[in-house]
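Engineer: A single structure is presented below for examination.
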Amino acid sequence: MLDRPAFSLTQLFYFVTIAGTGSISEAAARLHTSQSAVSSAIQRLERQLGSQLLVRQHAKGVTLTPSGRLLLEDAQKILLHVHNLKDYSTRLQEDATGRLDVGSCCSITPFLIPKTLARLGKSHPELNVAIHDTHAPLDLLRNGVCELVVTYSFTSSEGTQFTELATPPLYALVAPEHPLAKAGKASLSQFSNETLVVLGLPSASASRSYIQSLFAESQTSHSEIISVSGIEAMRGLVAAGQGFMLTHHRPHSMETLDGGRVALVEITDDHPRLSIGVITVSDCVPSRRARVFVAALRMTARQVYAPVSAGPQSRDSASSICR
């Protein structure tokens, strides 16, 4: 690990300006600062480097010592690197090219991400979006792996900002033979004491809390829970008549990977709403890459779900539905 330098870039900039003008007073005028401030900065630089850099001649200004001439070449290179780094930082913010890391909640990914990437492939072919499909997208945001994450509304926590894309209805998936399958609509209370199939997440996760709030609101309960690790495994169990599952996503295909089928039933009673959107770090200006991705994602969401307002919503505290 590199040690922190004793001197600053400002001191090097002052030194290079003095070398270019041959005068501390003229350098101070160009730098829009006082002559005493420039002189003090150079004296500190000489002490920090342990070498005299300037020969001060009151009538003729200053000249560089041999050590000063050696430093001048290196200082100019350092300041050029700093200038290039600033340009690079500007390009990182303003260019819609290069790599963008995006976290995505695994239950959302198949419905929004493929079409969004296809859209970006046509409009911004030089943008390389790396999707991190996970149960815990917020962790990737906290750890600095991803610039943004696609997830649910109460995934956000202190220090983050949630931007809503859609607030879809709640559905139940059941086997075709289920008594409610042909109705197409039902209240959650009609599933009272049936087995619920869920993703195998920690019992304290917000996804479980949200499910509990749904049943509490409808004043009903389920008999038991079957936990599995993937969405398609949940659908397979439902198709086999082992229980029902809740989802905010309307599948395009009712056929499961093993050849079974499920039926979609919309939940009609009042229940806590859940939004889908994007979470970013509060007070962090998004790059143009991120803005381009969110714009494409919003267009996809409008196709898949009902459109909603584009305004951001700040969330002070919440737990992750995907944790």
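Engineer: Return yes when L188 is crowded, with 18+ Cβ neighbours inside 10 Å and either β-branched (V, I, T) or outside the structural domain of S153 (by TED's automatic domain parsing) (or both) and no when it is not.
Structural biologist: Working: crowded, with 18+ Cβ neighbours inside 10 Å: yes; either β-branched (V, I, T) or outside the structural domain of S153 (by TED's automatic domain parsing) (or both): yes.
Against the criterion (crowded, with 18+ Cβ neighbours inside 10 Å and either β-branched (V, I, T) or outside the structural domain of S153 (by TED's automatic domain parsing) (or both)), L188 qualifies.
Engineer: Related question: Please specify each residue of region 276-291 satisfying the condition of being aliphatic (A, V, I, L, M), crowded, with 20+ Cβ neighbours inside 10 Å and in contact with a helix residue (DSSP H, G or I) (Cβ under 9 Å, 6 or more places away or on another chain).
Structural biologist: Once the filter is applied, which keeps residues that are aliphatic (A, V, I, L, M), crowded, with 20+ Cβ neighbours inside 10 Å and in contact with a helix residue (DSSP H, G or I) (Cβ under 9 Å, 6 or more places away or on another chain), region 276-291 yields I276, V278, I279.
Engineer: Please work out which residue is nearest to M245 (Cα to Cα), limiting yourself to region 155-194 and to residues that are in a loop (DSSP other than H, G, I, E, B) and in contact with an Asp or Glu (Cβ under 8 Å, 6 or more places away or on another chain). Steps first, answer last, please.
Structural biologist: Filtering region 155-194 down to residues in a loop (DSSP other than H, G, I, E, B) leaves 156-159, 167-170, 175-184, 187, 192-194.
Cutting the leftovers down to in contact with an Asp or Glu (Cβ under 8 Å, 6 or more places away or on another chain) gives us 158, 169-170, 184, 187.
Numbers: E158: 31, P169: 14, L170: 11, G184: 15, S187: 14 Å.
Only one residue tops the list, namely L170.
Engineer: Restricting attention to region 259-278, does a residue exist that is under 20 Å from V102 (Cα atoms) and β-branched (V, I, T)? Don't jump to the end; show me each part of the working.
Structural biologist: As a first pass, look at region 259-278 and keep what is under 20 Å from V102 (Cα atoms): 275-278.
Among the residues that remain, those that are also β-branched (V, I, T) are: 276, 278.
Yes: region 259-278 contains one or more residues that are under 20 Å from V102 (Cα atoms) and β-branched (V, I, T).
Engineer: Return the residues of region 44-55 that are without any contact (Cβ under 8 Å) to a residue 40 or more places away in the chain and over 13 Å from F15 (Cα atoms); say none if nothing qualifies.
Structural biologist: Filtering region 44-55 for residues without any contact (Cβ under 8 Å) to a residue 40 or more places away in the chain gives 44-47, 50-55.
Matches in region 44-55: R47, G50, S51.
Engineer: What number of residues in region 274-301 are under 22 Å from M234 (Cα atoms) and either among the acidic types (D, E) or in a loop (DSSP other than H, G, I, E, B) (or both)?
Structural biologist: Our first condition is that a residue be under 22 Å from M234 (Cα atoms); within region 274-301, this holds for 274-276.
Then drop every residue that is not either among the acidic types (D, E) or in a loop (DSSP other than H, G, I, E, B) (or both), which leaves 274-275.
Total meeting the criteria: 2.
Engineer: On to the next question. Restricting to region 143-184, count the residues that are within 30 Å of A296 (Cβ to Cβ) and touching a residue at least 60 places away in the same chain (Cβ under 8 Å).
Structural biologist: Looking only at region 143-184, we keep the residues that are within 30 Å of A296 (Cβ to Cβ), and these are 143-171, 173.
If we keep only those that are touching a residue at least 60 places away in the same chain (Cβ under 8 Å) as well, we get 147-171, 173.
The qualifying residues number 26.
Engineer: Can you tell me which residue among S40, S51 is assigned by TED's automatic domain parsing to the domain that holds S67 and part of a helix (DSSP H, G or I)? Let's see the steps before the verdict.
Structural biologist: On the way: S51 fails: part of a helix (DSSP H, G or I).
One residue alone meets the criteria, S40.
Engineer: Restricting attention to region 120-139, and to residues there that are assigned to a helix (DSSP H, G or I) and within 15 Å of A290 (Cα to Cα), which single residue is nearest to the chain's Cα centre (by Cα)? Spell out how you get there, then give the answer.
Structural biologist: The initial filter retains those residues of region 120-139 that are assigned to a helix (DSSP H, G or I), namely 120-123, 137-139.
Checking which are within 15 Å of A290 (Cα to Cα) leaves us with 120-121, 123.
On the way: L120: 17, G121: 20, S123: 21 Å.
In this case the residue turns out to be L120.
The values are calculated or read from the model by the stated rules, or taken from the named source; none is laboratory data. Nothing here was measured: the structure is a model prediction, and the numbers come from that model. Here the Cβ is made from the backbone with ideal geometry for all residues, glycine too, and neighbour counts use every protein chain on show.
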